[in-house]
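Report on one structure; see the data block that follows.
The values are calculated or read from the model by the stated rules, or taken from the named source; none is laboratory data. Model, not experiment: these values are computed from the prediction. Heads up, the Cβs are rebuilt from the backbone with ideal geometry, glycines too, and the neighbour counts pull from every protein chain shown. Surface accessibility is based on the protein's heavy atoms, side chains included, excluding ligands, DNA and RNA. Shrake-Rupley method; radii C 1.70, N 1.55, O 1.52, S 1.80 Å.
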Amino acid sequence: MPSPKSVLGFQPTDDKTIANWRQITDYFAKLDSASKKVTIKEIGKSTNGKPLIVAFISSEKNLKDLERYRQISAKLADPRTIKSETELADLIKNGKTIVSISCSIHSTEIVASQMSMNLAYELATASDADTKEILDNTILLLIPSSNPDGIDIVANWYRKTLGTKSEGTAPLELYHHYAGHDNNRDWFMLNLVETQAITKLYWREWFPQFVYDVHQQGQNSSRFTIPPFFDPPNPRISPSILREVGLVGYKMAADLQAKGIAGVATNASYDTWWHGGFRSAPYYHNSIGILSEAASADLMSPIDVKKEDLARTRTRGLNNLLDTATNFPDAWQGGTWRPADIANIEMIASRSLLSLAAKYRPRYLRNFYEYGKANLEAKPSEPKAFIVAAGQPNAEAVARFIEILREQGIEVERMTNELWVKMEPDADFHEMPLGGYLIFVNQPQKNNILSLFEKQVYPNRLLPNGDAEAPYDVAGWTLPLQMGVEYDAAWEIRDLERDKLTLKRVTTTNEVRAALDLEQTGTPFKGARYPLKSLPKIALYKGSLPSMDEGWTRLVLDNFRIGYRSITDTDMRAGNFVCEQKVTPGTSINCDAVILPADGENAIVNGLSADRYPADFAGGIGEQGVANLKKYVENGGKLICFDDSCGLVMNRFGLPVRNLLADRKRNEFYNPGSIVSLDVDTSQRLARGLGPKVAAYFSTSSAFEIAADARVKIIARYARKDALLSGWMLGEKYLNGKPALVEVPYGNGSIVMFAFRPQHRGQSWATFPFIFNALEK
């Protein structure tokens, strides 16, 4: 049986060793060939074309009958397919607990990807009773990494910088081509091919009862943070699932304590409010999602953690990392921290989960069935369905929205005749024309449907000093609002001509695109049609300091087939704004527009520090780059700024615009990520094709104040009242009626300034048209 060391030439997780993706996949392939307890399947390709693999690990007998166990899990996931208690009892008796463990989606959190080989080898070779019970009663879907491209980016950078001042630093590029760290913010939107492949594996094929997402956190933190999680919980998560999440966490904590591991925290830092993460999305699919966060080293290099640094660290639920508490009963006092320490903790936690899943297999299978069954029951407080009406002008957004729902296992029906619908419980019936889409609420995924369609109302959580308490991620995400898709809640539905509703289940992407008169794509999530009338020459700033917002901007441009070039720090310093070289020697054409993604002034101007990075990549655009950018606009260029980057332009270009929220304290104004309403001046060119009300995404963003008598076009303002549509906003009065999108003349050119992020995580389709209009010649 090949051990990881015998194949790699080193023991994974030892100091200053790292396996790249080819080495990891080669090891798993060899283990597959040698072991009857391991089967490797490729479930798709990464963004850059690398194989995305899953290791199925179980007993030899179970692996011979994988398809049977998959079908059992699929039936338990949909109680409508089970016709009797006898059939249910038989499925529970014969089924296996499906557990998925996924490693290193964030590639700088590298240790779990290396640990995965050790875990697979241990399960394939151990002969003790505990391991046998795990293999007999569970089927493990082990994903060595859901981000293969990032593993190679980090491995290549780490090897290149080993022994230099840059050893242990993050690489000079996003570790996911488009999303970087935000690749774990895509689990209901499905923008990324990796998310799409794993979503299909989980919620259309295998339906795991457990999903464990293995992460790392900052160095000066608890050694390990696990469930139960911090408040607030999302009300659309089953209380029983929250209890089960806590039970798993306490089992992990108890097992770690038994092994003498100090510094393990529960009920701290991470909450269960937000939907779109690897471990949080499973809650809405009736699965138990587990997150662990181990303290990091310097990638695969050990570090020394000082006691005084731990004493200065504060986080939700942990006021002092050197003091014991009920949720932190054995504080770690500092010392040397190695990758092997991280791996040891992750191995113990993984075995704890697998042991629980095996020992209580019938209970977990029964509970899984009951969660889905409970969702089939109608409740007076819930609508019967949501309707996406026909005839909306934004057909691409509607098509993608329906595609997103369907690809994560939500059933969508097309209305083949007119229906009469009550939009409120006590309202009159309203006619709804044929051609729209109907999403019934009472499906096994009810909580997923409600969480995506409903407006979130985040609790008003304040610290003792009156400051807003920051949530783990965003506060609101209502998907049709973000995408600009019109929808209605249907509390009662009738067909006046028939006794029974006549509907057609949507089963393919092309059905939707054909119905909306859009180009056929053949497969889901293939690019949208080109939205511009002209062919502008576009440059997108891409600094040496990797930017997730830049990545998401690239994704939007690529998805809509809009050409662009990346403009670097070196280009900015040299004044190189050329987008096209002419055949005649020495002649060229400057770009029509330059986009600055939502990065702050310091990040753009100063970039990376020369203390840890090579001089060639340090320093940002510098003062010379700022001067050249001014000159580019003065000479007739167009500069488009998203959110944070507006600060650079306001401060350095002497514009008659300022961010009036910049000086507001957190007890005065706070919005950590919510959907807000814009009032749009539809007479403006930048508002072409948009209505008078548009939903925009605000995430600690800006609001403008314009100097008196300034020549500034105001294209959109935040709504004068009731601006919050979904999420949480403290101090809305500071936002109401303030400019949110403006165009400022500058020399012979112009500057378009978005106070918000119009392409937020590739989700905010409602505001994409503003970007497209700004890009037009």
Inset, instruction - For the range 398-514, report the accessible area per residue in Å² (1.4 Å probe, heavy atoms, rounded to an integer). - result: 41
Inset, instruction - Report the equivalent ellipsoid semi-axes for the range 86-203 in whole Å, largest first, defined as the square roots of five times the eigenvalues of the gyration tensor built from alpha carbon atoms. - result: 34, 21, 7
Legend entry - DSSP-loop trypsin sites (Lys or Arg not before Pro) across the range 443-505, with at most 11 other Cβ within 10 angstrom: 498, 500
Legend entry - Global form of the range 620-709, assessed from the alpha-carbon gyration tensor, a/c cut-off 1.5: oblate
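Multiply the residue gap between residue 74 and residue 314 by 0.36 nm, knock off their C-alpha separation, and tell me the result in nm, one decimal place.
82.1 nm
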Legend entry - Pairwise centroid distance, computed over Cα atoms, of the range 730-752 with the range 662-715, Å: 6
Legend entry - Gyration tensor (alpha-carbon) shape descriptor, the range 591-662, a/c threshold 1.5: oblate
Legend entry - residue 720-residue 558 FRET efficiency (beta carbon distance; Förster radius 30 Å; 0.05 resolution): 0.25
Legend entry - Structure-based [θ]222 nm, the chain - -39500 (n - 2.57) summed over DSSP H runs of at least 4, per residue, nearest 500: -9000 deg cm²/dmol
Legend entry - In Å², nearest 10: area of residue 122 left accessible to a 1.4 Å probe: 60
Inset, instruction - For an R0 of 22 angstrom, estimate the FRET efficiency from the Cβ-Cβ distance between residue 379 and residue 429 and round to the nearest 0.05. - result: 0.55
Inset, instruction - Output the relative contact order of the range 157-303, whole-number percent, from Cα pairs under 8 angstrom with separation of 6+ residues. - result: 36
Inset, instruction - Using the structure shown, list the pairs from 83/422; 93/359; 61/373; 542/630; 41/96 with a Cα-Cα distance above 21 Å, or answer none. - result: 83/422; 61/373
Legend entry - Alpha-carbon spread of the chain, three principal axes, descending order, Å: 79, 77, 60
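Kindly report the accessible area of the range 262-331 per residue (heavy atoms of protein chains, probe 1.4 Å, no ligands, DNA or RNA), in Å².
Accessible surface, normalised per residue, equals 31 Å².
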Inset, instruction - Write down the accessible area per residue of the range 58-197 in Å², having rolled a 1.4 Å probe over the full set of protein chains. - result: 32
Legend entry - Cα point-scatterer Debye curve for the range 620-777, base-10 log of I(q)/I(0) at q = 0.11, 0.13, 0.16 Å⁻¹: -0.41, -0.58, -0.88
Inset, instruction - Using a 1.4 Å probe over the heavy atoms of the protein chains, calculate the carbon and sulfur portion of the accessible area of the chain as a whole percent. - result: 48
Inset, instruction - Find the relative contact order for the chain and round it to a whole percent, using C-alpha pairs within less than 8 Å whose residues are 6+ positions apart. - result: 11
